[in-house]
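Participant: Here it is, the structure, as structure tokens.
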Protein chains: 2
Amino acid sequence: MLAPIPPTSTLPAGSVGSVETQYVDLPAPVRLDCGRELPSVRVAYETYGTLSPERDNVVLVCHALSGDAHAAGVSPTSPEASTRDGFAAERRDGSAGKGLGWWDGMIGPGKAFDTDRFFVISTNVLGGCRGTTGPSSIDPATGKPYGSNFPVVTVADMVRCQRAFLDVLGIERLAAVAGGSLGGMQALEWAVLFPDQVDAVVAIATTHALHPQGVAWNAIAREAITRDPAWQGGHYYDTGRAPDAGVGVARMVGHITYLSAPALTEKFGRRLQNARDIRYTIGEPEFEVESYLRHQAGSFVRRFDANTYLYLSRALTYFDLARQHGSGSLVRALEGVSARTLLIAFSSDWLYPASASQEITDALRALSKPVEFHLIDAPYGHDCFLLEEAQQIPIVRRFLADGSAASDLEQRGLCD
Amino acid sequence: MLAPIPPTSTLPAGSVGSVETQYVDLPAPVRLDCGRELPSVRVAYETYGTLSPERDNVVLVCHALSGDAHAAGVSPTSPEASTRDGFAAERRDGSAGKGLGWWDGMIGPGKAFDTDRFFVISTNVLGGCRGTTGPSSIDPATGKPYGSNFPVVTVADMVRCQRAFLDVLGIERLAAVAGGSLGGMQALEWAVLFPDQVDAVVAIATTHALHPQGVAWNAIAREAITRDPAWQGGHYYDTGRAPDAGVGVARMVGHITYLSAPALTEKFGRRLQNARDIRYTIGEPEFEVESYLRHQAGSFVRRFDANTYLYLSRALTYFDLARQHGSGSLVRALEGVSARTLLIAFSSDWLYPASASQEITDALRALSKPVEFHLIDAPYGHDCFLLEEAQQIPIVRRFLADGSAASDLEQRGLCD
């Protein structure tokens with residue numbers, strides 16, 4: 001029997017095809033951890049696959065700091081708007097080109113989040129700059145962009161906003177909530193805040209609380225932005241100036257923390273731009289890695305809002321399950337979790353090291369909750385969650401297929 | 001027999017006492033790797049101990065990026081000018097207070113560089129901002145500060161400048177040349193450029209060529225400075241504005257790369273400034289580590305020139321013994337070395353990892369040159385070379401005492 005001919009011959013096998021971001025206005029104000037309330041919130045989202053009549057096949061996918069609702073497929077209206085960049089963008093150059101979702105390798109027919117089975121939903125987070133209400137949105141009270149008057153949001157606020165959004169769609173339960181990095185924090189927060197509504201958590205390259213060095217890197221990135229005079233206290237939107245210089249530096253810092261030192265050595269070494277010799281220049285890129293950083297900063301500035309960077313960076317440093325929900329105890333914070341949990345970490349990830357996933361695993365095991373932890377040996381650092389699909393897909397597929405058998409399996413040996 | 005009473009009772013045992021920085025104007029222009037020439041060069045220096053009649057007991061100590069000529073003792077004229085900061089400054093608070101040299105723990109009677117035996121000389125490097133000619137110096141051709149018209153200097157240029165300076169003092173040979181980080185690069189460069197004039201090299205927490213991630217961190221720090229509008233293309237000296245914001249970010253990046261993640265966790269954890277809870281702020285420090293970073297940036301900006309940061313950062317990324325002297329081969333680059341070499345690296349140093357010292361060791365051993373490599377197990381990261389004196393002192397003392405026995409000892413097992 002011949003394989004069916006795909007609907008669009010230019011799309012690679014396993015693609016969800018052409019998608020467009022949609023928008024929902026929440027019917028009620030959103031109450032925030034900081035005590036303030038957002039009177040009107042719009043949520044940008046995409047969906048892939050088909051909602052079952054029983055509405056029991058929903059997977060919510062949560063993005064990381066620089067992501068957006070466009071997680072899979074090709075966005076024909078804004079082909080330049082892919083949130084893939086760096087190593088991830090380069091890896092894709094040879095396949096479907098630009099406009100591809102940031103987790104396209106994981107979402108689609110036959111992939112980790114199999115759209116033949118699941119109805120996958122991806123939203124832009126609260127505080128974002130890609131369609132969901134954030135600091136660049138208009139404050140209805142003033143008719144101008146919020147800027148730094150936007151309330152400080154937490155990961156829990158993001159999750160409550162997703163909860164309110166799913167209510168609008170008439171979706172009560174999640175078969176799974178999944179994400180990497182800040183997205184993984186959201187997934188864990190879902191399991192704690194709404195334990196009766198989440199069947200499974202897939203938390204990749206993430207943590208229950210960022211370690212102090214990670215807090216420091218985020219502080220430095222924010223300092224780079226707020227010290228840029230063009231930031232103007234956060235009210236730059238209508239001034240014709242934006243803190244592009246600072247955002248560029250912030251992105252460079254982020255980018256190096258997302259990669260491993262060996263990956264940089266393998267990719268760039270100490271190769272010079274000018275193969276013959278150094279040119280004795282202070283201000284211009286001299287090594288290939290310097291030129292790469294400048295390029296990454298430039299492309300990021302074109303697609304990302306400085307204030308959103310500040311707000312999401314702050315949210316992910318605040319995230320601390322033990323502080324928020326356990327009076328300092330991670331075990332106590334996770335006491336109410338009823339979802340099965342899959343944790344994946346990467347050996348070369350020094351920003352979200354495997355030790356944090358191990359701590360979550362230990363806490364859930366101490367509570368006799370079903371949990372799997374896979375440590376994948378891979379070289380690219382934190383960005384592995386965007387790059388190492390081949391190793392993640394079978395783990396996630398089997399975990400999601402195993403929905404009925406909620407057993408605490410010792411699976412770590414499978415892949416490390 | 002009673003120990004002699006120290007001359008000043010307020011000084012701790014082993015101190016070289018009160019010192020003042022001195023200055024020498026080189027008698028001839030300095031020719032640079034970039035092809036340009038500096039017509040007049042002043043060198044700031046300090047000395048500790050007594051020059052022997054045979055002039056055979058000279059140890060040249062070379063400083064790192066943020067250091068200066070004030071390596072030991074107390075500087076009474078500028079007590080606020082200590083180049084110790086961060087963990088190193090705090091460690092000293094209980095002893096001699098401010099104004100202490102950056103390597104005071106290593107230089108003095110009975111210390112690693114024993115001033116009862118050696119005449120220790122420390123200079124501020126070419127390109128510096130603490131007395132030696134650099135970008136903030138007056139360009140005699142214009143009567144104004146060089147700014148970014150200052151020629152790009154290399155580590156080899158720094159060493160040639162030190163050579164010319166020692167000629168003025170009538171010193172031909174060095175019993176040893178020593179330094180950590182950029183200072184270690186200078187020590188290695190000395191052994192290659194002037195093999196007949198160096199008896200021993202002590203190169204600590206250094207490398208033969210910075211790895212690509214280190215090149216990237218330095219590029220980011222420089223971008224933070226050059227993107228600050230107050231930098232003004234490098235000509236900010238007489239404008240009443242300086243790129244303090246950018247230098248602060250550069251220093252924050254540097255500071256975190258000088259420390260290890262576990263050291264930050266041990267010192268700060270995720271402790272909040274406000275012990276009760278988070279305050280929901282984007283712009284203000286919330287975690288103790290954030291406040292610490294801001295404090296470090298502020299104190300650095302007050303004592304260090306932005307352009308010097310750029311020039312020294314560039315020099316240490318250019319440094320590459322194999323490229324400069326070996327057509328890409330480290331072994332070939334080191335062929336002419338005749339000094340005995342002591343290498344020390346620290347287990348937690350991820351900016352100048354031990355692997356580089358191992359590569360230098362392997363190259364020297366392949367050439368049957370006398371070399372010792374000690375890997376010290378210590379938690380503070382790159383800054384260990386400023387902090388872990390207790391572990392370094394016996395190694396350096398024994399190595400320098402062992403001057404006559406130029407044997408290739410396998411000493412690594414002694415201390416790790």
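The values are calculated or read from the model by the stated rules, or taken from the named source; none is laboratory data. Since we're looking at a predicted model, the values are computed, not measured. Cβ placement follows ideal geometry from the backbone for every residue including glycine, while neighbour counts extend to all protein chains displayed. Areas reflect the complete protein model, heavy atoms only, side chains present, ligands, DNA and RNA absent. Shrake-Rupley method; radii C 1.70, N 1.55, O 1.52, S 1.80 Å.
Participant: So which aspartates and glutamates pass the test for B:Lys111, namely a Cα distance under 14 Å, with those fewer than 8 places away in the same chain ruled out?
Facilitator: Straight-line reach from B:Lys111, under 14 Å: B:Glu388, B:Glu389.
Participant: OK, next. Using the Cα centre of chain B as origin and beta-carbon charges of +1 (Lys, Arg) and -1 (Asp, Glu), tell me which of B:Ala263, B:Phe150, B:Pro379 is placed farthest towards the positive end of the dipole.
Facilitator: B:Phe150
Participant: Could you report the protein assembly as shown's accessible area per residue, 1.4 Å probe, as an integer in Å²?
Facilitator: Values: 29860 Å² over 832 residues.
Ligands and nucleic acids excluded, the result is 36 Å² per residue.
Participant: Under 14 Å between alpha carbons, and skipping anything fewer than 8 positions from B:Lys98 in its own chain: which aspartates and glutamates qualify?
Facilitator: B:Glu80, B:Asp85, B:Glu90
Participant: Say each of B:Arg276 and A:Ser327 gets a label point 7 Å from the Cα, pointing the same way as Cα to Cβ; how far apart are those two points in nm?
Facilitator: Calculated label separation equals 1.8 nm.
Participant: Also, quick follow-up: Given label points at 7 Å from Cα along Cα→Cβ, what nm distances, shortest first, separate B:Asp377 from the same residue in every other copy?
Facilitator: 2.4
Participant: Suppose every Lys and Arg Cβ carries +1 and every Asp and Glu Cβ carries -1, with no other charges. What dipole size does the protein assembly as shown come out with about its Cα centre, to the nearest 20 debye? Could the numbers behind the result be given before it?
Facilitator: Numbers: 72 positive and 94 negative charges, 197 e Å.
In debye, rounded to 20, the protein assembly as shown gives about 940.
Participant: Rank A:His235, A:Leu316, A:Ile225 by how far each Cα sits towards the positive end of the charge dipole of the range A:210-317 (+1 on Lys, Arg Cβ; -1 on Asp, Glu Cβ) and give me just the farthest.
Facilitator: Working it through, the farthest residue towards the positive pole turns out to be A:Leu316.
Participant: Same structure, new question: Just to verify a number: FRET efficiency for A:Asp238 and B:Asp167, C-beta to C-beta distance, R0 = 60 Å, to 0.05?
Facilitator: My answer for the efficiency is 0.45.
Participant: At A:Arg36, label 7 Å along Cα→Cβ: distances to the other copies, nm, ascending?
Facilitator: 4.9
Participant: Can you give me the long-range amide H partners of B:Met106? Hydrogens built in the peptide plane at 1.01 Å from N, cutoff under 5 Å, separation of 5 or more residues or another chain.
Facilitator: Result for B:Met106 returns nothing.
Participant: Across 10 Å bins from the origin, how do the percents of Cα pairs in the protein assembly as shown run, short distances first?
Facilitator: Bins of 10 Å from zero give 2, 13, 22, 23, 17, 12, 8, 3, 1, 0, 0 percent of pairs.
Participant: With each pseudo-label sitting 7 Å past Cα toward Cβ, what's the A:Ser338-A:Arg302 distance in nm, one decimal?
Facilitator: Spacing of the two 7 Å Cα→Cβ label points: 4.9 nm.
Participant: Tell me the volume per residue, in Å³, of the convex hull enclosing the alpha carbons of the range B:210-318.
Facilitator: Output value, Cα hull per residue: 119 Å³.
Participant: Measure off, as a whole percent, the carbon and sulfur share of the 1.4 Å-probe accessible area of chain A, all protein chains present.
Facilitator: 51 percent
Participant: On to the next question. Rounded to whole Å, give me the distance from the Cα center of the range B:106-132 to that of the range B:186-244.
Facilitator: Measuring centre to centre over Cα atoms gives 20 Å.
Participant: Then there's this: Can you check how the C-alpha radius of gyration of chain A compares to 2.2 N^0.38 Å, as a plain ratio?
Facilitator: Values: Rg = 20.9 Å, N = 416, 2.2 N^0.38 = 21.8 Å.
The value comes to 0.96.
Participant: Just how large is the dipole of the range B:210-318 about the Cα centre, in debye to the nearest 20, putting +1 at every Lys and Arg Cβ and -1 at every Asp and Glu Cβ?
Facilitator: Result for the range B:210-318 is approximately 120 debye, rounded to the nearest 20.
Participant: 5 Å is the cut-off here: which amide hydrogens, built 1.01 Å from N in the peptide plane, fall below it relative to A:Ala69, excluding neighbours closer than 5 in sequence?
Facilitator: Distant-sequence amide H within range of A:Ala69: A:Asn124.
Participant: Calculated from DSSP H runs of 4 or more alone, at -39500 (n - 2.57) each and per residue, what is the 222 nm mean residue ellipticity of chain B, nearest 500?
Facilitator: Counting only the DSSP helices, I get -10000 deg cm²/dmol.
Participant: Can I ask one more? Just tell me which aspartates and glutamates come within less than 19 Å, Cα to Cα, of B:Lys369; anything on the same chain fewer than 8 places away is out.
Facilitator: B:Glu189, B:Asp196, B:Asp199, B:Glu335, B:Glu359, B:Asp402, B:Asp408, B:Glu410
Participant: List the distances, in nm and shortest first, from the label point of B:Arg303 to the matching label points in every other copy, placing each point 7 Å from Cα along the Cα-to-Cβ direction.
Facilitator: Result, one decimal in nm: 4.4.
Participant: What is the local net charge at A:Phe319, summed over the other residues whose Cβ is closer than 13 Å to its Cβ (Lys, Arg +1; Asp, Glu -1)?
Facilitator: -2
Participant: At a cut-off of 10 Å², which residues of the range B:273-303 become less accessible once all protein chains are present than in their chain alone, using a 1.4 Å probe?
Facilitator: B:Asp277, B:Ile278, B:Tyr280, B:Thr281, B:Ile282, B:Gly283, B:Glu286, B:Phe287, B:Val289, B:Glu290, B:Leu293, B:Arg294
Participant: Same structure again: If you take the accessible area of A alone plus B alone and subtract the pair, what total do you get in square angstrom, rounded to 100, with a 1.4 Å probe? List each step's numbers first, then the result.
Facilitator: Details: alone 17350 and 17310 Å², together 29860 Å².
Counting both chains, the buried surface is close to 4800 Å².
Participant: Evaluate the charge dipole of the range A:224-382 about its Cα centre and quote only its size in Debye, nearest 20, assuming +1 on the Cβ of each Lys and Arg and -1 on the Cβ of each Asp and Glu.
Facilitator: Values: 17 positive and 17 negative charges, 30 e Å.
Magnitude of the dipole: close to 140 debye.
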